[in-house]
Amino acid sequence: MRARMQPHALPPPLIETLPNGVRVVALPMPHLRTASVSVFVRVGSAHESRALNGIGHVLEHMAFKGTRERDAHRVNLDAERLGAEVNAHTDKDHTAYHMRGLGVHAPQFVTMLGDIVRHATFPDDELAREREVLLQEVAEVEDDPMAMAYQQFDQACWGVHPAAQPVIGQRRVIERCTREQLVEHVQQHYTGSNVVVAAAGAIDVDAVVQSAVAAFGDMPRGAPQALPPAGYASGIRVKRMDVGRQTHLVLGYPLAARGAEDAAGDLAAAVLGDGMSSPLLLELREKRGLVYHAACNADRFEFGGQLAIEASFAPKHLSTVLRETVQLLRRQAERIDPVDLERARNQMLVRLMRHDERLSQRTEDAALDLFALGRVRTAAERVAQVQAVGGAQVREAFERMQQPGASVALAGSVGRATTQRVREVLAG
């Protein structure tokens, strides 16, 4: 029986567009005492040239190393004196800066984030020190076979599109980028049409908007930085690593971009591999003992989407794991088990409810909706989209995604003939 879950009733989001294109989203949650404020900028690694891949990630780190009025210590101290947490992240299609603390301080968070985003000075001595931190982060990724498998997977999926580039960037860019290049990146990409200021929680909406006007109202407008679609380029990538004794696989297919609002693709990923009772885990782990870990997820960006299946196993099981996984996918394209559909739908609905209760997730959902759709979907709308998807639509999603062929990436303990073995299994 299909669950009819309803999200907690909350005031509708308020969206204010400033004359220069900056959008302010206020998501009041009066039953809370804390608040989360984030500034989202529509620029990520997919906006970067090959020569500067990683410049945005360097900038995200360096933004906290001092502004015109405050040094690095003061930037952190001002937030921590209020008990607030400060963080940031870079992704393929956006960069975000976050603060979370008491709701009464939300207008101050807007002001402090505005200072960080707009007035960072990127001191040369701080840049020299932060290079070492960033290079250690790169080394940590390079030592992680699954992380490297995902980097290879992006290359297999997106080919020559900039979406194939790693968010963390290239060592050579981290080692050589200059303060002048960081300043130029801000001037080119950090513009009003590409900024969303989002606040959620126990907030005074009017005060948040007033702070946003003061902090961002004189920002240059610029032009929207929409990303062109990434043509799907199914391929096989293999990276041998002298780390551990396992093979790490990422196998996947194309999904619609975020703007398509295609809940069937998201539900397909949950049907296949969300939870221990899913077909993927049931077949590969519980029945066959081939893997310790396997999962399936859907990632959708502004330029395109991916259904990604990941698994780690002994190298001798490579052909069997691949064969069983491909057969599972083909069976899903023929028939969706009603029990699996019920499980997956309820898992997604619960996850949506949890998202609705997490301040940082609500602000991110709102900002990315604005970039991709030009509007903010309500929690009720997201729930309704999932509930409206039937088994036939999920089956069609599986059928459609497999038509261009699989993208496969392997890292870790892999043999020299691995690429040929993968081709043979896929062809069979």
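Based on DSSP, what percent of beta bridges with both residues in the chain are antiparallel, to the nearest 5?
80 percent
Cut-off is 10 Å between beta-carbons; in what order do Lys316, Lys65 appear when sorted fewest neighbours first?
Lys316, Lys65
Mind listing the long-range amide H neighbours of Thr34? Cut-off is under 5 Å, sequence gap 5 or more, other chains count too, H placed in the peptide plane at 1.01 Å from N.
Here the answer is Gly103, Ala202, since their amide H atoms fall under 5 Å of that of Thr34.
Please state, rounded to one decimal and in Å, the Kirkwood hydrodynamic radius that region 236-427 gives when every pair of distinct Cα atoms enters the mean of 1/r.
17.5 Å
How big is the C-alpha Rg of region 27-140 next to the rule-of-thumb value 2.2 N^0.38 Å, as a ratio?
Dividing the Cα Rg of region 27-140 by 2.2 N^0.38 Å gives 1.13.
For Glu137 and Arg50, compute 0.36 nm times the residue count separating them, minus their Cα-Cα distance, and round to one decimal in nm.
29.4 nm
Taking the highest mean first, how do the peptides 341-349, 26-34 order by number of other beta carbon atoms within 10 angstrom per residue?
Order by mean packing, descending: 341-349, 26-34.
Translational D (Stokes-Einstein, µm²/s) of the chain at 25 °C and 0.890 mPa s when Rh comes from the Kirkwood sum over C-alpha pairs?
Stokes-Einstein gives a translational diffusion coefficient of 107 µm²/s.
Calculate, axis by axis, the spread of Cα positions in region 14-216 along the three principal axes, and write the results as whole Å, longest axis first.
45, 37, 32
Rounded to the nearest 500 deg cm²/dmol, what is the calculated helix-only ellipticity per residue at 222 nm for the chain, with -39500 (n - 2.57) per DSSP H run of length n ≥ 4?
Calculated at 222 nm, the ellipticity per residue is -13500 deg cm²/dmol.
Rounding to the nearest 20 debye, state how big the charge dipole of the chain is about its Cα centre with +1 on each Lys and Arg Cβ and -1 on each Asp and Glu Cβ.
1200 debye
Quick one: what are the phi-derived ³J(HN,Hα) couplings along region 279-286, Karplus 6.51/-1.76/1.60 with θ = phi - 60°, whole Hz, x for glycine and proline?
x, 4, 6, 4, 6, 6, 9, 6
For region 372-428, taking Cα atoms only, what is the radius of gyration to one decimal and the Dmax to the nearest whole Å?
When restricted to the Cα atoms of region 372-428, Rg and Dmax are 18.8, 51 Å.
Which whole-angstrom value gives the distance between the alpha carbon centres of region 140-200 and region 350-419?
Spelled out, the Cα-based centre of one part sits 21 Å from the other.
So, by mean Cβ neighbours within 10 angstrom, what's the order for 269-276, 213-220, 293-300, 304-311 with the highest one leading?
304-311, 269-276, 293-300, 213-220
Under a plain spin-label model, where a point goes 7 Å from the Cα along Cα-to-Cβ, how far apart in nm are Glu396 and Gln188?
It works out to 4.2 nm between the two label points.
Read-outs throughout are calculated quantities, based only on the coordinates presented, and are distinct from any laboratory measurement. None of these values were measured; they are calculated from a predicted model. Cβ sites come from the backbone with ideal geometry, for glycine too, and all protein chains shown count toward neighbours.
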